[in-house]
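Structure, as structure tokens:
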There are 2 protein chains.
Amino acid sequence: MKKFLNNVDHMLAESLTGFATAHANLVEVQFEPTFVKRKQKAQNKVAVISGGGSGHEPLHAGYVGKGMLDAACPGQVFTSPTPDQMLAAAEAVHADKGVLFIVKNYAGDVMNFEMAAEMLSFEHATIYTSDDCAVVNSTYTTGRRGVAGTVIVEKCVGSLAETGANLEACKVLGEKINLRTSSIGAALTSCTVPAAGRPTFDISDSDIEMGVGIHGEPGRRREAMREADAIVNDMVAAIVHDIEAKQLPLKGEILLLVNGLGATPLMELYLIYNTAAKLLKEKGFTVARSLVGNYITAIDMAGASISVCLLDDEIKQHWDSPVHTAGLRWGA
Amino acid sequence: MKKFLNNVDHMLAESLTGFATAHANLVEVQFEPTFVKRKQKAQNKVAVISGGGSGHEPLHAGYVGKGMLDAACPGQVFTSPTPDQMLAAAEAVHADKGVLFIVKNYAGDVMNFEMAAEMLSFEHATIYTSDDCAVVNSTYTTGRRGVAGTVIVEKCVGSLAETGANLEACKVLGEKINLRTSSIGAALTSCTVPAAGRPTFDISDSDIEMGVGIHGEPGRRREAMREADAIVNDMVAAIVHDIEAKQLPLKGEILLLVNGLGATPLMELYLIYNTAAKLLKEKGFTVARSLVGNYITAIDMAGASISVCLLDDEIKQHWDSPVHTAGLRWGA
């Protein structure tokens, strides 16, 4: 394992301290328990809080700021945060309109956010994201995994919360977006968890993992490496099949998100985007919004995921609204 | 070699088409000769054009847009663009106040931009960036290499040009920033040029290349992998030594840019930032502005560079001004 690190046990704290220092105008980090919150506490709105294991940066701390999250609770790498983190974050950012948790559907995250929710003394609700259409049930998951669609949920729900909308409305929007978003990933290499010191899985130079999870969980199948167009074709087909299975329309405006898993260069991500956009147009969709880059990573995995969110006017409005975070910023 | 690609010969065109499609509200790409320009042509300002070999994304096409570049000329991966590209770009974006080329100091780029400049029928000037303090003269360079400081030059000169400033003023600002910026990189792995199909250099699991170039050029020395703090300490020491050698003040406000070379996760970049910021404060500097992420990459190299730009009010003003590009965006 070759990484810029001093001591595995201090890595998260050092990185979070660097993050909070680099973005001191935006966020503050607190330790014991650990959470990141906006520097300027928002007033009179639903407090939107997310969290999960670290190693997916910029998710989630990178999405704390005006127009998106009020706080994020980072666990150790690929490890759920503990309920005391969510409780401390909720106490810190609660602003009299309740707390909304956005939780990727992994057993540990679900359990710990549930425990935190039960202990909350004020109004609360939880959105579980499950946009990964690769597999049902996985190494750490009952049901589908929450992956890159979570970024879209956090952006749009954050936007709606900013308008003063109530808890129920925020939850409804988040669940709508989750339903209308399908994602799938493909890995060319494994990631390496620092504390493990070795790759999470073995993969030969001539294979890829189709449908990989963001922690290196197995996907649909190990298959031969092929040209990008063939891989992207299969990924888009899986997404289109998922949209059909959900009985959603195979037409209309979409947000196309091509996400890098950590070690895949932007040049390749745009190449993937190019093919995916063409295929989706051929299927009858209109690519109305796009996002290409590393938005939810699997540490240092070479690979990419494709997400399609079926837009409507409400989602589009909240996607377009100003956001000012370390990881996503526009109109501000 | 394991990459998302179809055909090495078409990779750049496919990627640029994807880029231009994803950012169709911002840019347009033209082929034969190849360049990327703003969708909305700017009027009555110096036209700022950069370019160079591809593989450093988001540089340079990712910096085309209001507040930064008017056009970018991407060559093949790690290969200079040809003069006809710069000529076509200049003809397309020239807006009656002359053309300013921003060129990283590599022999091929220098030669081809010079040839283009000689053929231009209107007023023009060129800024050569040479912020890399690792080595003087290198595989592809006479003098120092231009690296991550180029992003700062492009941002600030782009901002000044937007105010209607003349060609000379833009050139003076760019050269001031280049002088006041020192950078150094360190590689944990090589990059792999798609057309070569194999890593540019061999490096063992226990070594790093200190002072590596953004094309995998040799740095100062091959040295043993150590903890991050020790590596960052040496990098900051090299930068501080360079500032001293240039007889610039070892105090005052700085912009600290920690740049990923492609495959190093954000978590590690923030850890590097944390240590670098601490060390630079101890030396007497005030970290007034920060940028952390992949801004000028070496394809898929695991590694990072640190850049320090000594700020003054003028540089700070132009750094802070609105920018709307695919790769850098704020205030817009």
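Binning the C-alpha pair distances of the range A:122-179 at 10 Å intervals from 0 yields a P(r) profile of 23, 47, 24, 6 %, listed from the shortest bin outward.
Using the scaling law 2.2 N^0.38 Å as the reference, what is the normalised Cα Rg of the range B:265-332?
Rounded to two decimals, the normalised Rg is 1.25.
The ranking of A:Arg198, B:Arg180, B:Arg145, B:Arg221 from fewest to most other beta carbons within 10 Å of each one's beta carbon is A:Arg198, B:Arg221, B:Arg180, B:Arg145. Distances from B:Asn25 to itself in the other copies, using label points 7 Å out along the Cα-Cβ axis, amount to 2.2 nm in increasing order. The convex hull defined by the C-alpha atoms of the protein assembly as shown has an orientation-averaged projected area of 25.4 nm².
Can you give the % of DSSP beta bridges in chain A that are antiparallel, to the nearest 5? Intermediate results must be reported in sequence, preceding the final value.
Values: 31 of 59 bridges.
Restricted to chain A, the bridges split so that about 55 percent are antiparallel.
Can you give the FRET efficiency to the nearest 0.05 for B:Asp313 and A:Phe31, using r as the Cβ-Cβ distance and R₀ = 41 Å? Using R0 = 41 Å, I get an efficiency of 0.70. Sorting the Cα pairs of the range A:197-305 by distance into bins of 10 Å, from 0 upward, gives 13, 45, 33, 8, 1 percent per bin.
Indicate, rounded to the nearest 5 percent, the antiparallel portion of the DSSP beta bridges found entirely in the range A:10-174. Don't jump to the answer; show the numbers that get you there.
On the way: 7 of 25 bridges.
Beta bridges within the range A:10-174, antiparallel portion: roughly 30 percent.
Across the identical copies, the label point of A:Asn137 (7 Å from Cα in the Cβ direction) is separated from its matches by 6.8 nm, in order from shortest.
Average partner chain C-beta neighbours within 10 Å, per residue of A:318-328?
On the way: counts 0, 0, 0, 0, 0, 0, 2, 0, 5, 2, 1.
Per residue, the number of nearby Cβ atoms from other chains is 1 on average.
Centre-to-centre, using Cα atoms only, the range A:115-154 and the range B:185-215 are separated by 39 Å.
Taken one residue at a time, the phi angles of the range B:59-74 give Karplus couplings (6.51, -1.76, 1.60, θ = phi - 60°) of 4, 9, 4, x, 10, 8, x, 4, x, 9, 8, 8, 7, 9, 10, x Hz. Gly and Pro are set to x. So what's the back-of-envelope 222 nm ellipticity for chain A, counting only DSSP H runs of four-plus at -39500 (n - 2.57) apiece and dividing by all residues, rounded to 500? The helix-only estimate for chain A comes to -10000 deg cm²/dmol at 222 nm.
I need the fraction of alpha carbon pairs in the range B:22-179 separated by more than 27 Å, rounded to a whole percent. I get 13 percent for the Cα pairs in the range B:22-179 exceeding 27 Å.
Distances, shortest first, from the label point of A:Phe122 to those at the same position in the other copies read 5.8 nm; the point lies 7 Å along Cα to C-beta.
For peptide B:18-28, what's the mean number of Cβ atoms from other chains within 10 Å of each residue's Cβ?
Details: counts 16, 8, 2, 10, 13, 3, 2, 1, 0, 0, 0.
Counting other chains' Cβ atoms within 10 Å and averaging over B:18-28 gives 5.
Between B:Gly51, A:Ala228, B:Cys191, the Cα set farthest toward the positive side of the dipole of the protein assembly as shown (charges on each charged residue's Cβ, about the Cα centre) is that of B:Gly51.
Among A:Leu160, A:Leu120, a tally of other beta-carbon atoms within 10 Å of each Cβ gives an order, fewest to most, of A:Leu120, A:Leu160. In terms of surrounding Cβ atoms within a 10 Å radius of their Cβ, A:Asp9, A:Asp320, B:Asp132 rank from fewest to most as A:Asp9, A:Asp320, B:Asp132.
Given A:Lys283/B:Lys2; A:Lys104/A:Lys278; A:Lys104/A:Lys155; A:Lys39/B:Lys278; A:Lys45/B:Lys39, which pairs have Cα atoms separated by over 26 Å?
Numbers: A:Lys283/B:Lys2 29 Å; A:Lys104/A:Lys278 29 Å; A:Lys104/A:Lys155 14 Å; A:Lys39/B:Lys278 21 Å; A:Lys45/B:Lys39 38 Å.
Those over the limit are A:Lys283/B:Lys2; A:Lys104/A:Lys278; A:Lys45/B:Lys39.
Note on B:Glu282 and B:Glu244: the model spin-label points, each 7 Å out from Cα along the C-beta direction, lie 1.5 nm apart.
Spatially, the range A:11-33 and the range B:19-53 are offset by 37 Å when compared through their Cα centroids. Rounded to the nearest whole Hz, the Karplus-based 3J(HN,Hα) values (6.51 cos²θ - 1.76 cosθ + 1.60, θ = phi - 60°) of the range A:210-221 follow the sequence 7, x, 4, x, 6, 10, x, 5, x, x, 6, 6, with x at glycine and proline.
Summarising the rotation from chain B to chain A, the nearest chain B beta-carbon to the axis and its distance in Å are given as B:Ala263, 2.
Per-residue shielding of A:287-294, expressed as the average number of other chain Cβ atoms within 10 Å of the residue Cβ, stands at 4. Counted over the range B:75-148 with a bin width of 5 Å, the fraction of Cα pairs per bin, in whole percents, is 4, 16, 26, 22, 16, 10, 4, 1. Backbone amide hydrogens, once placed in the peptide plane, bring B:Arg144 within less than 5 Å of B:Asn137, excluding anything fewer than 5 places away on its chain.
Quick one: Kirkwood hydrodynamic radius for the range A:129-287, alpha-carbon pairs, angstrom, one decimal? Provide the component values of the computation, followed by the final result.
Details: mean 1/r = 0.0595 Å⁻¹.
Every distinct Cα pair counted, the radius reaches 16.8 Å.
Coordinate-derived values only; no laboratory data. Treat the numbers as computed from the prediction; the structure is a model and nothing was measured. Neighbour counts are summed over all protein chains in view; Cβ atoms, including those assigned to glycine, are modelled from backbone coordinates with ideal geometry.
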